Amino acid sequence: MNASIKTRIEPDLKDQAEATLNALGLDLSSGIRLFLTQVVLTQGLPFQVALPSPNAATQKAISDSYAGRLQRVSSVKSLFKNTGKR
């Protein structure tokens with residue numbers, strides 16, 4: 001006897017996952033079963049979960065912030081006026 005799992009997922013994500021799994025010779029149910037089996041075997045997620053690393057521009061902005069190299073503005077409007085962006 002099998003148990004059922006019902007979940008809501010974005011249609012595009014489901015379609016992309018199905019296409020990927022089909023390319024691997026699996027259907028969606030088999031892919032989900034494989035994932036859950038790995039969760040049990042590893043006693044956790046079978047992959048690392050982490051935030052993406054900041055790019056070079058963001059790393060520089062963070063570094064400048066810690067070093068006190070900041071441009072102070074009184075409003076968002078003045079910030080965009082000073083940078084020439086809209």
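Odds and ends about this structure:
- With helices as the sole contributors, the chain gives -17000 deg cm²/dmol at 222 nm; each DSSP H run of n ≥ 4 counts as -39500 (n - 2.57), and the sum is divided by every residue.
- Global form of the chain, assessed from the alpha-carbon gyration tensor, a/c cut-off 1.5: prolate
- The trypsin sites (Lys or Arg not before Pro) of the stretch 2-53 meeting both criteria, a DSSP state outside H, G, I, E and B (loop) and at most 15 other C-beta atoms within 10 angstrom of the site's C-beta, are LYS6, ARG8.
- Spin-label model distance (nm) - ALA23 vs LEU45, 7 Å beyond Cα toward Cβ: 2.2
None of the figures in this text is laboratory data; all of them are computed from the coordinates on show. Nothing here was measured: the structure is a model prediction, and the numbers come from that model. Neighbour counts are summed over all protein chains in view; Cβ atoms, including those assigned to glycine, are modelled from backbone coordinates with ideal geometry.
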